[in-house]
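Since the structure comes first, as C-alpha coordinates, the remarks are kept for the end.
The values are calculated or read from the model by the stated rules, or taken from the named source; none is laboratory data. As the structure is a computational prediction, the values presented were derived from the model and not from experiment. Cβ: placed from backbone, ideal geometry, glycine included. Neighbour counts: every protein chain shown.
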Amino acid sequence: MDMKERMSGNEAVSYAIKQINPDVMPAFPITPSTEIPQMISTYIANGEIDTEFIPVESEHSAMSAAIGAQAAGARSLTATSSAGLALMWEELLLAASNRLPLVLALVNRTLSGPININCDHSDGMGARDTGWIQIYAENNQEAYDNFIQAYPIAEHEGVHLPVMICQDGFITSHAVENIELLDDKKVKKFVGEYKPEEYLLNPGNPVAVGPYSVSNYAMEAKKNQEIALENSKAVILEVAKNFKKISGRSYGLFEEYKTKDADYIMLIMGSAAGTAKQAVSELRAKGMKVGVLKLRVFRPFPAEEIAEALKGCKTVAIMDRCESYNGNGGPLGSEVTSALFRNKVMIETVNYIYGLAGRDFTVDEAKAIFKELEEQDVSGRKVEQYKYIGLRT
(Lines give C-alpha, C1' and ligand atoms only; values in the text may rest on other atoms or scores of the structure.)
Protein backbone atom coordinates (compact mmCIF):
# COMPACT_ATOMS: atom_id res chain seq x y z
CA MET A 1 0.00 0.00 0.00
CA ASP A 2 1.01 3.65 -0.43
CA MET A 3 2.83 5.16 2.52
CA LYS A 4 3.89 8.55 3.82
CA GLU A 5 7.58 9.03 4.53
CA ARG A 6 10.24 11.68 5.07
CA MET A 7 13.02 11.61 2.49
CA SER A 8 15.62 13.73 0.76
CA GLY A 9 15.37 14.11 -3.00
CA ASN A 10 18.26 11.71 -3.52
CA GLU A 11 16.58 9.16 -1.25
CA ALA A 12 13.29 9.60 -3.13
CA VAL A 13 14.89 9.01 -6.53
CA SER A 14 16.84 6.04 -5.17
CA TYR A 15 13.63 4.56 -3.77
CA ALA A 16 11.94 4.98 -7.16
CA ILE A 17 14.88 3.16 -8.77
CA LYS A 18 14.54 0.36 -6.22
CA GLN A 19 10.86 -0.01 -7.04
CA ILE A 20 11.54 -0.09 -10.79
CA ASN A 21 14.48 -2.52 -10.36
CA PRO A 22 16.30 -1.71 -13.63
CA ASP A 23 18.79 -4.16 -15.13
CA VAL A 24 22.05 -2.19 -15.13
CA MET A 25 23.39 0.91 -13.36
CA PRO A 26 26.93 2.09 -14.14
CA ALA A 27 27.90 5.14 -12.06
CA PHE A 28 30.77 7.29 -10.82
CA PRO A 29 30.44 9.45 -7.69
CA ILE A 30 30.19 13.24 -7.88
CA THR A 31 28.64 15.73 -5.43
CA PRO A 32 25.68 16.16 -4.97
CA SER A 33 24.44 13.02 -6.80
CA THR A 34 26.83 10.57 -5.06
CA GLU A 35 24.15 9.35 -2.65
CA ILE A 36 22.07 7.86 -5.47
CA PRO A 37 24.57 5.19 -6.62
CA GLN A 38 25.57 4.72 -2.98
CA MET A 39 21.98 3.93 -1.98
CA ILE A 40 21.39 1.69 -5.01
CA SER A 41 24.53 -0.31 -4.27
CA THR A 42 23.25 -0.75 -0.69
CA TYR A 43 19.89 -2.01 -1.95
CA ILE A 44 21.76 -4.50 -4.15
CA ALA A 45 24.05 -5.62 -1.31
CA ASN A 46 21.00 -6.19 0.90
CA GLY A 47 19.32 -8.30 -1.77
CA GLU A 48 16.41 -5.88 -2.21
CA ILE A 49 16.96 -5.55 -5.98
CA ASP A 50 18.94 -7.49 -8.56
CA THR A 51 20.23 -4.54 -10.61
CA GLU A 52 23.76 -5.04 -11.91
CA PHE A 53 25.83 -2.17 -10.47
CA ILE A 54 28.99 -1.33 -12.43
CA PRO A 55 31.59 0.88 -10.72
CA VAL A 56 33.44 2.71 -13.50
CA GLU A 57 36.47 5.00 -13.73
CA SER A 58 34.67 8.15 -14.89
CA GLU A 59 31.34 9.63 -15.85
CA HIS A 60 32.24 9.24 -19.53
CA SER A 61 32.62 5.53 -18.84
CA ALA A 62 29.34 5.49 -16.88
CA MET A 63 27.34 6.78 -19.83
CA SER A 64 29.30 4.55 -22.24
CA ALA A 65 28.43 1.50 -20.15
CA ALA A 66 24.77 2.57 -19.87
CA ILE A 67 24.63 2.94 -23.65
CA GLY A 68 26.20 -0.49 -24.14
CA ALA A 69 23.81 -2.12 -21.69
CA GLN A 70 20.76 -0.43 -23.22
CA ALA A 71 21.85 -1.36 -26.74
CA ALA A 72 22.25 -4.98 -25.59
CA GLY A 73 18.62 -5.04 -24.46
CA ALA A 74 18.87 -4.09 -20.77
CA ARG A 75 16.95 -1.31 -19.02
CA SER A 76 19.75 0.96 -17.80
CA LEU A 77 20.36 4.24 -15.99
CA THR A 78 23.00 6.34 -14.31
CA ALA A 79 23.24 9.46 -12.12
CA THR A 80 25.52 12.47 -12.16
CA SER A 81 25.97 16.21 -11.62
CA SER A 82 27.84 19.19 -13.02
CA ALA A 83 31.28 18.30 -14.42
CA GLY A 84 30.20 14.66 -14.52
CA LEU A 85 27.53 15.55 -17.07
CA ALA A 86 30.06 17.64 -18.99
CA LEU A 87 32.43 14.65 -19.14
CA MET A 88 29.57 12.58 -20.59
CA TRP A 89 29.01 15.13 -23.36
CA GLU A 90 30.04 12.98 -26.33
CA GLU A 91 28.07 10.02 -25.00
CA LEU A 92 24.89 12.04 -24.39
CA LEU A 93 24.68 12.75 -28.09
CA LEU A 94 25.28 9.09 -28.93
CA ALA A 95 22.57 7.88 -26.52
CA ALA A 96 20.01 10.15 -28.15
CA SER A 97 21.05 9.58 -31.77
CA ASN A 98 21.03 5.81 -31.23
CA ARG A 99 17.47 6.19 -29.88
CA LEU A 100 18.25 4.43 -26.61
CA PRO A 101 15.57 4.93 -23.90
CA LEU A 102 17.86 5.04 -20.89
CA VAL A 103 17.33 7.40 -17.93
CA LEU A 104 19.72 9.79 -16.17
CA ALA A 105 19.13 11.20 -12.69
CA LEU A 106 20.70 14.66 -12.90
CA VAL A 107 21.23 16.51 -9.63
CA ASN A 108 21.77 20.06 -10.87
CA ARG A 109 25.01 21.74 -9.82
CA THR A 110 26.91 24.66 -11.28
CA LEU A 111 29.63 24.01 -13.84
CA SER A 112 33.09 25.34 -13.11
CA GLY A 113 34.57 27.83 -13.05
CA PRO A 114 35.11 29.13 -10.53
CA ILE A 115 34.84 25.78 -8.73
CA ASN A 116 31.61 25.54 -6.79
CA ILE A 117 29.45 22.60 -5.69
CA ASN A 118 26.10 24.38 -5.25
CA CYS A 119 23.00 24.56 -7.40
CA ASP A 120 22.28 26.23 -10.65
CA HIS A 121 21.09 24.89 -13.99
CA SER A 122 24.26 25.34 -16.06
CA ASP A 123 24.84 21.58 -16.31
CA GLY A 124 21.35 20.70 -17.57
CA MET A 125 21.15 23.78 -19.79
CA GLY A 126 24.56 22.93 -21.23
CA ALA A 127 23.08 19.62 -22.42
CA ARG A 128 19.87 21.13 -23.75
CA ASP A 129 20.73 20.47 -27.39
CA THR A 130 21.93 16.87 -27.05
CA GLY A 131 18.56 15.36 -27.96
CA TRP A 132 17.51 14.27 -24.47
CA ILE A 133 14.09 14.85 -22.94
CA GLN A 134 14.55 17.02 -19.83
CA ILE A 135 12.09 17.13 -16.93
CA TYR A 136 12.67 19.35 -13.86
CA ALA A 137 11.31 18.99 -10.32
CA GLU A 138 10.32 21.65 -7.81
CA ASN A 139 10.51 19.39 -4.75
CA ASN A 140 11.27 15.87 -3.55
CA GLN A 141 7.80 14.53 -4.34
CA GLU A 142 8.14 15.67 -7.93
CA ALA A 143 11.63 14.16 -8.23
CA TYR A 144 10.20 10.81 -7.15
CA ASP A 145 7.11 11.05 -9.37
CA ASN A 146 9.08 12.24 -12.40
CA PHE A 147 11.49 9.33 -12.18
CA ILE A 148 8.66 6.79 -12.11
CA GLN A 149 7.23 8.37 -15.26
CA ALA A 150 10.60 8.45 -17.05
CA TYR A 151 10.76 4.93 -18.46
CA PRO A 152 7.19 4.83 -19.83
CA ILE A 153 8.03 8.06 -21.68
CA ALA A 154 11.46 6.98 -22.92
CA GLU A 155 10.40 3.48 -24.01
CA HIS A 156 7.22 4.50 -25.84
CA GLU A 157 7.28 3.25 -29.41
CA GLY A 158 6.80 6.77 -30.77
CA VAL A 159 9.67 8.18 -28.71
CA HIS A 160 12.65 5.89 -27.99
CA LEU A 161 14.76 8.71 -26.56
CA PRO A 162 16.74 9.08 -23.31
CA VAL A 163 15.31 11.11 -20.44
CA MET A 164 17.01 13.36 -17.86
CA ILE A 165 15.16 13.67 -14.57
CA CYS A 166 16.52 16.85 -12.95
CA GLN A 167 16.38 18.16 -9.38
CA ASP A 168 18.23 21.02 -7.67
CA GLY A 169 21.43 20.05 -5.92
CA PHE A 170 21.31 20.23 -2.10
CA ILE A 171 18.09 22.30 -2.17
CA THR A 172 16.04 19.20 -2.95
CA SER A 173 18.65 16.45 -3.22
CA HIS A 174 19.72 16.70 0.44
CA ALA A 175 16.82 18.53 2.14
CA VAL A 176 14.30 16.20 3.80
CA GLU A 177 10.58 16.67 3.07
CA ASN A 178 7.36 14.78 3.61
CA ILE A 179 6.66 12.52 0.65
CA GLU A 180 4.06 9.98 -0.40
CA LEU A 181 5.49 6.76 -1.82
CA LEU A 182 3.45 4.52 -4.08
CA ASP A 183 2.99 0.83 -3.42
CA ASP A 184 5.73 -1.30 -5.01
CA LYS A 185 3.25 -3.33 -7.06
CA LYS A 186 1.63 -0.16 -8.42
CA VAL A 187 5.00 1.13 -9.60
CA LYS A 188 6.01 -2.17 -11.20
CA LYS A 189 2.71 -2.40 -13.06
CA PHE A 190 2.87 1.24 -14.15
CA VAL A 191 6.44 1.02 -15.45
CA GLY A 192 6.13 -2.54 -16.77
CA GLU A 193 8.90 -4.77 -18.09
CA TYR A 194 11.27 -3.57 -20.78
CA LYS A 195 10.69 -5.46 -24.03
CA PRO A 196 12.94 -3.99 -26.73
CA GLU A 197 12.10 -4.79 -30.34
CA GLU A 198 15.70 -4.66 -31.51
CA TYR A 199 18.84 -5.21 -29.46
CA LEU A 200 22.37 -6.48 -29.91
CA LEU A 201 22.05 -9.73 -27.96
CA ASN A 202 19.41 -11.13 -30.28
CA PRO A 203 21.12 -13.55 -32.69
CA GLY A 204 17.95 -14.06 -34.68
CA ASN A 205 17.80 -10.40 -35.69
CA PRO A 206 21.26 -8.85 -36.06
CA VAL A 207 21.40 -5.03 -35.89
CA ALA A 208 24.08 -2.38 -35.95
CA VAL A 209 24.14 0.31 -33.24
CA GLY A 210 26.02 3.52 -33.90
CA PRO A 211 27.37 2.77 -37.39
CA TYR A 212 29.00 5.42 -39.56
CA SER A 213 26.31 7.35 -41.39
CA VAL A 214 27.14 8.80 -44.79
CA SER A 215 25.77 12.19 -45.81
CA ASN A 216 22.91 10.60 -47.76
CA TYR A 217 21.39 9.27 -44.52
CA ALA A 218 22.65 11.33 -41.56
CA MET A 219 20.33 14.28 -42.08
CA GLU A 220 17.27 12.03 -42.25
CA ALA A 221 18.34 10.33 -39.02
CA LYS A 222 18.53 13.69 -37.28
CA LYS A 223 15.11 14.68 -38.58
CA ASN A 224 13.61 11.42 -37.30
CA GLN A 225 15.18 12.12 -33.92
CA GLU A 226 13.56 15.57 -33.90
CA ILE A 227 10.20 14.05 -34.82
CA ALA A 228 10.51 11.65 -31.88
CA LEU A 229 11.20 14.58 -29.55
CA GLU A 230 8.06 16.31 -30.80
CA ASN A 231 6.10 13.07 -30.35
CA SER A 232 7.22 12.94 -26.74
CA LYS A 233 5.03 15.94 -25.81
CA ALA A 234 1.84 13.95 -26.23
CA VAL A 235 3.43 10.90 -24.59
CA ILE A 236 4.55 12.94 -21.56
CA LEU A 237 0.97 14.16 -21.10
CA GLU A 238 -0.51 10.67 -21.58
CA VAL A 239 1.92 9.13 -19.07
CA ALA A 240 1.08 11.93 -16.60
CA LYS A 241 -2.64 11.21 -17.09
CA ASN A 242 -2.07 7.52 -16.31
CA PHE A 243 0.15 8.42 -13.36
CA LYS A 244 -2.64 10.51 -11.85
CA LYS A 245 -4.85 7.42 -11.84
CA ILE A 246 -2.47 5.59 -9.48
CA SER A 247 -1.25 8.57 -7.43
CA GLY A 248 -3.88 11.32 -7.52
CA ARG A 249 -1.13 13.79 -8.48
CA SER A 250 -1.38 15.84 -11.68
CA TYR A 251 1.45 16.79 -14.01
CA GLY A 252 1.73 18.59 -17.34
CA LEU A 253 4.35 20.33 -19.44
CA PHE A 254 4.18 23.16 -16.89
CA GLU A 255 2.18 24.20 -13.85
CA GLU A 256 0.16 27.42 -13.68
CA TYR A 257 -0.21 29.03 -10.26
CA LYS A 258 -2.78 31.85 -10.09
CA THR A 259 -2.11 32.85 -13.71
CA LYS A 260 -5.65 33.01 -15.12
CA ASP A 261 -6.23 36.69 -14.36
CA ALA A 262 -2.62 37.68 -13.69
CA ASP A 263 -1.22 40.91 -15.10
CA TYR A 264 2.35 39.89 -14.24
CA ILE A 265 3.69 36.34 -14.42
CA MET A 266 7.01 34.88 -13.33
CA LEU A 267 8.20 31.96 -15.49
CA ILE A 268 10.62 29.85 -13.49
CA MET A 269 11.95 26.31 -13.20
CA GLY A 270 13.02 24.04 -10.33
CA SER A 271 12.96 24.55 -6.58
CA ALA A 272 12.78 28.36 -6.72
CA ALA A 273 9.22 28.02 -8.00
CA GLY A 274 8.17 27.49 -4.39
CA THR A 275 9.71 30.82 -3.45
CA ALA A 276 7.90 32.51 -6.33
CA LYS A 277 4.57 30.96 -5.31
CA GLN A 278 4.97 32.28 -1.77
CA ALA A 279 5.62 35.76 -3.13
CA VAL A 280 2.52 35.49 -5.32
CA SER A 281 0.36 34.44 -2.36
CA GLU A 282 1.55 37.40 -0.30
CA LEU A 283 1.08 39.91 -3.12
CA ARG A 284 -2.34 38.48 -4.01
CA ALA A 285 -3.41 39.13 -0.43
CA LYS A 286 -2.63 42.80 -1.11
CA GLY A 287 -4.66 42.85 -4.33
CA MET A 288 -1.84 42.52 -6.86
CA LYS A 289 -2.70 40.26 -9.80
CA VAL A 290 0.40 38.11 -10.15
CA GLY A 291 1.10 34.46 -10.96
CA VAL A 292 3.75 31.82 -11.59
CA LEU A 293 4.26 29.55 -14.56
CA LYS A 294 6.55 26.72 -13.42
CA LEU A 295 8.16 25.00 -16.36
CA ARG A 296 8.42 21.24 -15.80
CA VAL A 297 9.39 19.99 -19.27
CA PHE A 298 12.25 21.95 -20.84
CA ARG A 299 12.88 19.48 -23.66
CA PRO A 300 10.84 19.20 -25.77
CA PHE A 301 10.28 22.92 -25.31
CA PRO A 302 6.51 23.63 -25.15
CA ALA A 303 6.65 26.85 -27.17
CA GLU A 304 3.05 27.04 -28.37
CA GLU A 305 1.66 26.01 -25.00
CA ILE A 306 3.71 28.62 -23.13
CA ALA A 307 2.68 31.36 -25.56
CA GLU A 308 -0.97 30.42 -25.07
CA ALA A 309 -0.58 30.43 -21.26
CA LEU A 310 1.10 33.85 -21.21
CA LYS A 311 -0.91 35.72 -23.84
CA GLY A 312 -3.36 37.24 -21.34
CA CYS A 313 -0.77 38.93 -19.10
CA LYS A 314 0.93 42.29 -19.50
CA THR A 315 4.51 41.36 -18.60
CA VAL A 316 6.42 38.16 -17.89
CA ALA A 317 9.60 37.86 -15.84
CA ILE A 318 11.70 35.05 -17.36
CA MET A 319 13.91 33.59 -14.65
CA ASP A 320 17.18 31.89 -15.64
CA ARG A 321 19.33 29.98 -13.15
CA CYS A 322 22.05 29.85 -15.80
CA GLU A 323 24.12 32.31 -17.80
CA SER A 324 24.37 31.76 -21.56
CA TYR A 325 27.26 34.18 -22.06
CA ASN A 326 25.64 35.52 -25.21
CA GLY A 327 25.40 39.09 -23.92
CA ASN A 328 21.63 39.01 -24.26
CA GLY A 329 20.23 36.76 -21.52
CA GLY A 330 19.86 33.17 -20.39
CA PRO A 331 18.59 30.01 -22.14
CA LEU A 332 14.98 30.46 -20.98
CA GLY A 333 15.15 34.12 -21.95
CA SER A 334 16.02 33.17 -25.51
CA GLU A 335 13.54 30.29 -25.82
CA VAL A 336 10.53 31.99 -24.26
CA THR A 337 10.87 35.23 -26.21
CA SER A 338 11.27 33.22 -29.41
CA ALA A 339 8.13 31.23 -28.55
CA LEU A 340 6.15 34.43 -27.93
CA PHE A 341 7.31 36.08 -31.15
CA ARG A 342 6.66 33.04 -33.34
CA ASN A 343 3.17 32.71 -31.91
CA LYS A 344 2.44 36.44 -32.33
CA VAL A 345 2.04 37.06 -28.59
CA MET A 346 3.43 40.58 -28.19
CA ILE A 347 3.75 41.14 -24.45
CA GLU A 348 6.55 42.74 -22.45
CA THR A 349 9.31 40.47 -21.14
CA VAL A 350 12.22 40.95 -18.73
CA ASN A 351 14.96 38.31 -18.36
CA TYR A 352 16.45 37.92 -14.89
CA ILE A 353 19.50 35.84 -13.91
CA TYR A 354 19.28 34.51 -10.35
CA GLY A 355 20.65 31.87 -8.00
CA LEU A 356 23.93 31.13 -9.77
CA ALA A 357 26.26 28.78 -7.85
CA GLY A 358 23.75 28.45 -5.02
CA ARG A 359 23.07 32.17 -4.40
CA ASP A 360 19.87 32.50 -2.37
CA PHE A 361 16.69 33.65 -4.08
CA THR A 362 14.28 35.08 -1.52
CA VAL A 363 10.57 35.80 -1.32
CA ASP A 364 11.38 39.51 -0.96
CA GLU A 365 13.43 39.43 -4.17
CA ALA A 366 10.59 37.72 -6.02
CA LYS A 367 8.14 40.34 -4.72
CA ALA A 368 10.48 43.13 -5.79
CA ILE A 369 10.57 41.69 -9.33
CA PHE A 370 6.78 41.69 -9.54
CA LYS A 371 6.67 45.30 -8.29
CA GLU A 372 9.29 46.27 -10.87
CA LEU A 373 7.14 44.75 -13.62
CA GLU A 374 4.15 46.72 -12.35
CA GLU A 375 6.14 49.96 -12.22
CA GLN A 376 7.30 49.43 -15.80
CA ASP A 377 3.71 48.93 -16.89
CA VAL A 378 2.18 51.82 -14.93
CA SER A 379 4.86 54.47 -15.35
CA GLY A 380 6.15 53.43 -18.74
CA ARG A 381 9.70 53.47 -17.38
CA LYS A 382 11.70 50.70 -19.02
CA VAL A 383 13.58 48.41 -16.66
CA GLU A 384 16.87 46.80 -17.57
CA GLN A 385 15.96 43.88 -19.83
CA TYR A 386 18.77 41.54 -18.75
CA LYS A 387 19.81 41.82 -15.15
CA TYR A 388 21.20 39.83 -12.23
CA ILE A 389 19.26 39.40 -8.99
CA GLY A 390 21.05 39.33 -5.62
CA LEU A 391 24.46 40.62 -6.70
CA ARG A 392 26.62 41.96 -3.87
CA THR A 393 27.41 45.66 -4.18
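Numbers below:
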{"read-out": "Complete set of residues in segment 258-279 that are touching a residue at least 24 places away in the same chain (Cβ under 8 Å) and either more than 21 Å from GLY330 (Cα to Cα) or outside the structural domain of LEU356 (by TED's automatic domain parsing) (or both)", "value": "LYS258, THR259, LYS260, ASP261, ALA262, ASP263, GLN278, ALA279"}
{"read-out": "Residues (surrounded by 10 or more Cβ atoms within 10 Å (Cβ to Cβ) and over 31 Å from the mean Cα position of the chain (by Cα)) located in segment 200-216", "value": "ASN202, VAL207"}
{"read-out": "Boolean, LEU161 is of a type outside the set (Asp, Glu), closer than 19 Å to ASP2 by Cα, modelled with pLDDT of 95 or more and touching a helix residue (DSSP H, G or I) at 6+ places or on another chain (Cβ under 9 Å)", "value": "no"}
{"read-out": "Complete set of residues in segment 120-136 that are under 22 Å from GLU255 (Cα atoms) and either part of a loop (DSSP other than H, G, I, E, B) or in contact with a helix residue (DSSP H, G or I) (Cβ under 7 Å, 6 or more places away or on another chain) (or both)", "value": "ASP120, HIS121, MET125, ARG128, TRP132, ILE133, GLN134, ILE135"}
{"read-out": "Filter result for GLU91 (among the acidic types (Asp, Glu) and within 16 Å of THR34 (Cα to Cα))", "value": "no"}
{"read-out": "Qualifying positions in segment 173-189 - under 17 Å from MET1 (Cβ atoms) and either of a type in the set (Gly, Ala, Ser) or not in a strand (DSSP E or B) (or both)", "value": "LEU182, ASP183, ASP184, LYS185, LYS186, VAL187, LYS188, LYS189"}
{"read-out": "Subset of segment 245-272 (residues that are closer than 20 Å to ALA150 by Cβ and buried (at least 24 other Cβ atoms within 10 Å of the Cβ))", "value": "MET269, GLY270, SER271"}
{"read-out": "Of the criteria (1) part of a loop (DSSP other than H, G, I, E, B); (2) closer than 25 Å to SER324 by Cα, which one GLU91 fails", "value": "(1)"}
{"read-out": "Sole exception among (1) buried (at least 23 other Cβ atoms within 10 Å of the Cβ); (2) free of Cβ contacts under 8 Å to residues at least 40 places away in the same chain for ILE115, by number", "value": "(1)"}
{"read-out": "Selection within segment 338-363 - loosely packed, with under 13 Cβ neighbours inside 10 Å and either in contact (Cβ under 8 Å) with a residue 40 or more places away in the chain or within 23 Å of the chain's Cα centre (by Cα) (or both)", "value": "ASP360"}
{"read-out": "Members of segment 160-175 that are crowded, with 23+ Cβ neighbours inside 10 Å and under 20 Å from PHE190 (Cα atoms)", "value": "LEU161, PRO162, VAL163, MET164, ILE165"}
{"read-out": "Hits in segment 102-117 (condition: out of contact with any strand residue (DSSP E or B) (no Cβ under 6 Å at 6 or more places or on another chain) and not β-branched (Val, Ile, Thr))", "value": "ARG109, LEU111, SER112, GLY113, PRO114, ASN116"}
